[in-house]
1. Mind checking which residues of the stretch 52-105 are more than 17 Å from Ala178 (Cα to Cα) and among the basic types (Lys, Arg)?
2. Confirm whether Ser46 is surrounded by fewer than 18 Cβ atoms within 10 Å (Cβ to Cβ), of a type outside the set (A, V, I, L, M) and either more than 30 Å from Glu164 (Cβ to Cβ) or in contact with a strand residue (DSSP E or B) (Cβ under 6 Å, 6 or more places away or on another chain) (or both).
3. So which of Gly78, Gly82 ends up being closer than 23 Å to Leu4 by Cβ and surrounded by 22 or more Cβ atoms within 10 Å (Cβ to Cβ)?
4. What are the pairs with Cβ atoms under 8 angstrom where one residue, in the stretch 137-150, is without any contact (Cβ under 8 Å) to a residue 60 or more places away in the chain and aromatic (Phe, Trp, Tyr) and the other, located anywhere, is surrounded by 12 or more Cβ atoms within 10 Å (Cβ to Cβ) and assigned to a helix (DSSP H, G or I)? Sequence gap at least six, or different chains.
5. I'd like the residue in the stretch 154-165 that is among the aliphatic types (A, V, I, L, M) and in contact with a helix residue (DSSP H, G or I) (Cβ under 6 Å, 6 or more places away or on another chain) and, out of all such residues, is nearest to Ala137 (Cα to Cα).
6. Does the stretch 163-204 hold any residues that are under 18 Å from the mean Cα position of the chain (by Cα) and over 27 Å from Ser16 (Cβ atoms), and which are they?
7. Return only the number of the condition from (1) touching a strand residue (DSSP E or B) at 6+ places or on another chain (Cβ under 7 Å); (2) of a type outside the set (Val, Ile, Thr); (3) not in a loop (DSSP other than H, G, I, E, B) that Ser138 does not satisfy.
8. Give the residues of the stretch 31-42 that are of a type in the set (Ser, Thr, Tyr) and surrounded by fewer than 20 Cβ atoms within 10 Å (Cβ to Cβ), sorted by residue number.
Amino acid sequence: MRGLYVITDSVLLGDSLVPAVEAALIGGATIVQYRNKSTDHNRRLSEAQALLKLCRGYNRPLLINDDIELAETIGADGVHLGRTDGSIAFARQRLGVNAIIGATCHNSLDFARQAAEEGANYLAFGAFYPSHTKPNASVAELSILHFAHQFGLPLVAIGGITLENAPPLIRAGADCVAVINDIFGQPINDIRQRAESFSQLFVE
C-alpha cells in the first residue's frame with residue numbers, strides 16, 4: 001500500500017465522477033475512496049457501483065467512506081471509518097477477513113494504537129495542512145508519522161495535501177497521501193497529469 005490515494009468529492013465532480021476517477025487511475029492512483037455525504041441513497045449506490053466496476057478494470061481497490069452497509073451491498077474492497085462511524089470489529093464482521101479497513105487517527109497515537117489492536121489495515125493521520133474539505137479539522141504534527149511506525153501498518157497522510165507540500169510527508173514516513181482538491185479540483189483534462197506527478201513523488 002503505497003502511493004496516491006484519491007478521495008472523491010461529489011461537489012467538485014458532479015456528473016464527471018467516473019471519467020475524473022478514471023483519469024486519476026490512469027495517472028497512477030493506487031487507491032480510490034468514494035466519499036459522498038449526501039442523503040440520496042440511489043445516487044450513492046449507483047455511483048459506488050460504477051466506481052467499483054471501474055476500479056476492478058484497473059485492478060485498484062475501492063473503499064467506501066464511513067458506510068459499511070454500502071460497502072457490503074456493492075462488494076467494495078473495504079471502508080474508511082472516522083472516529084464515530086462504527087467499530088472496526090463490526091466492519092470486519094460484515095465485510096470479511098480480506099476487507100481493507102482504514103481508520104482516522106487525527107493526531108493521536110492513542111487512537112492509532114486502538115485501531116491497530118482492533119484490526120485496522122492502515123492508519124490515517126491529519127489534517128497536516130489547512131483543508132478545504134474539513135476547514136475545522138484538528139492539525140496533525142509531522143512527527144506523528146515517525147512515531148506511528150511502531151504499529152507496523154501503512155500510514156496515510158491527509159488534509160490539504162498538494163503536489164508542493166506532499167514531499168515532506170513522504171519523507172516523514174507516509175506510505176500514501178490522500179488527496180481530494182489538488183486532484184479533483186483540477187480541470188478534468190489535467191487530472192491524469194496531476195496524478196502522474198503525485199505518483200512520481202513516490203518513485204523519487
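The values are calculated or read from the model by the stated rules, or taken from the named source; none is laboratory data. Computed from a predicted model, the values in this text were never measured in an experiment. Virtual Cβ from ideal backbone geometry, glycine too; neighbours counted across all protein chains shown.
1. Scanning the stretch 52-105 gives Lys53, Arg56, Arg83, Arg92, Arg94.
2. Values: surrounded by fewer than 18 Cβ atoms within 10 Å (Cβ to Cβ): yes; of a type outside the set (A, V, I, L, M): yes; either more than 30 Å from Glu164 (Cβ to Cβ) or in contact with a strand residue (DSSP E or B) (Cβ under 6 Å, 6 or more places away or on another chain) (or both): yes.
Yes; evaluated as a whole, the condition is true for this residue.
3. Numbers: Gly82 fails: surrounded by 22 or more Cβ atoms within 10 Å (Cβ to Cβ).
Answer to the selection: Gly78.
4. Hits for this filter: Phe147/Leu109.
5. Filtering the stretch 154-165 for residues that are among the aliphatic types (A, V, I, L, M) and in contact with a helix residue (DSSP H, G or I) (Cβ under 6 Å, 6 or more places away or on another chain), the one nearest to Ala137 (Cα to Cα) comes out as Ala157.
6. Pro167, Leu169, Ile170, Gly173, Ala174, Asp175
7. The single condition Ser138 does not satisfy is (3).
8. Within the stretch 31-42, the subset of a type in the set (Ser, Thr, Tyr) is 34, 38-39.
Those that are of a type in the set (Ser, Thr, Tyr) and surrounded by fewer than 20 Cβ atoms within 10 Å (Cβ to Cβ): Ser38, Thr39.
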